[in-house]
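K.L.:
Just dropping this structure here.
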Amino acid sequence: MNALDLLHKYFPEPASFKIVCEHSRRVAEKALFIAKPLGFSKDRLCFIEEAALLHDIGICRINAPDIGCIGADPYIRHGIHGREILENEGLPLHALVCERHIGVGLTAEDIRLQSLPLPKRDMSPVTIEERIVCCADLFYSKKPGAIHHEKSVEQVRQGLARFGIHKVELFDSWLSGFGCGVL
């Protein structure tokens, strides 16, 4: 499986491919930066890299004209679209990373309280690999002009604070669990 070939398949438009690919490469680099000091096997590092490269594949089905995507659904649904795409491609573990990477994850309660247009189920990272990709994603934006900028830990915390202190605390617990490699 070649992750870049899969991205090409779902992002045939060069502008959207470039944005998603560049963002995903940065997330993959950050995820590997986090994972390598933790002593993962070569196979687990390969999975983390692939999952990070594919975590936003579902964006091809959402409405985000600023990044060249003209699907029908709102952005918040890109995780579940990514899960569906990667399950259909025979990548069920990569698919779970897609669904569970939004913010620091979404609980069924988050979805209910915010009236999000998502299935009412827990979509929070379960495995350490999922948490690593999710965490790495928080440091990068897909917004034009901001793709190459890595957010600081404090900027990530500020962004998460909008959704409650418990989200910041979860992020901080991940950083602590990963060691000082991210800071």
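K.L.:
If you go through segment 9-18, how many residues are assigned to a helix (DSSP H, G or I) and either of a type outside the set (Lys, Arg) or buried (at least 18 other Cβ atoms within 10 Å of the Cβ) (or both)?
P.N.:
5
K.L.:
A follow-up question, please. Which condition number in (1) surrounded by 19 or more Cβ atoms within 10 Å (Cβ to Cβ); (2) closer than 19 Å to ALA136 by Cβ; (3) of a type in the set (Phe, Trp, Tyr) is the one that PHE40 fails?
P.N.:
(1)
K.L.:
From the list SER124, SER115, which one is modelled with pLDDT of 95 or more, in contact with a helix residue (DSSP H, G or I) (Cβ under 9 Å, 6 or more places away or on another chain), over 21 Å from TYR10 (Cβ atoms) and among the polar types (S, T, N, Q)?
P.N.:
SER124
K.L.:
Please go through segment 146-168 and give me each residue that is part of a helix (DSSP H, G or I) and either in contact (Cβ under 8 Å) with a residue 24 or more places away in the chain or surrounded by 13 or more Cβ atoms within 10 Å (Cβ to Cβ) (or both), ordered by number.
P.N.:
Of everything in segment 146-168, those that are part of a helix (DSSP H, G or I) and either in contact (Cβ under 8 Å) with a residue 24 or more places away in the chain or surrounded by 13 or more Cβ atoms within 10 Å (Cβ to Cβ) (or both) turn out to be VAL153, GLN155, VAL156, ARG157, GLY159, LEU160, LYS167, VAL168.
K.L.:
Quick check on this structure: which one of ARG121, ARG100, ARG83, ARG112 is within 11 Å of the chain's Cα centre (by Cα) and among the basic types (Lys, Arg)?
P.N.:
ARG100
K.L.:
Moving on to the next point. Going through segment 105-138 one residue at a time, which ones are without any contact (Cβ under 8 Å) to a residue 40 or more places away in the chain and in contact with a Leu (Cβ under 6 Å, 6 or more places away or on another chain)?
P.N.:
Answer for segment 105-138, where residues must be without any contact (Cβ under 8 Å) to a residue 40 or more places away in the chain and in contact with a Leu (Cβ under 6 Å, 6 or more places away or on another chain): just ILE111.
K.L.:
Could you tell me whether segment 151-162 includes any residue that is among the acidic types (Asp, Glu) and closer than 30 Å to LEU38 by Cα?
P.N.:
The answer is yes, given that some residue of segment 151-162 is among the acidic types (Asp, Glu) and closer than 30 Å to LEU38 by Cα.
K.L.:
Any chance you could count how many residues in segment 41-68 are closer than 27 Å to PHE178 by Cα and either at pLDDT below 95 or of a type in the set (Asp, Glu) (or both)?
P.N.:
4
Here's the yes/no breakdown for (1) of a type in the set (A, V, I, L, M); (2) part of a loop (DSSP other than H, G, I, E, B); (3) in contact with an Asp or Glu (Cβ under 9 Å, 6 or more places away or on another chain); (4) touching a residue at least 12 places away in the same chain (Cβ under 8 Å):
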residue	(1), (2), (3), (4)
VAL20	yes, no, yes, yes
ARG26	no, no, yes, yes
ASP43	no, no, no, no
ALA51	yes, no, yes, yes
GLY58	no, no, yes, yes
GLY82	no, no, yes, yes
HIS94	no, no, yes, yes
CYS98	no, no, yes, yes
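The values are calculated or read from the model by the stated rules, or taken from the named source; none is laboratory data. Keep in mind that what you see is a predicted model, and the values were worked out from it rather than measured. Using ideal geometry, Cβ is built from the backbone for each residue, glycine included, and neighbour counts are taken over all protein chains shown.
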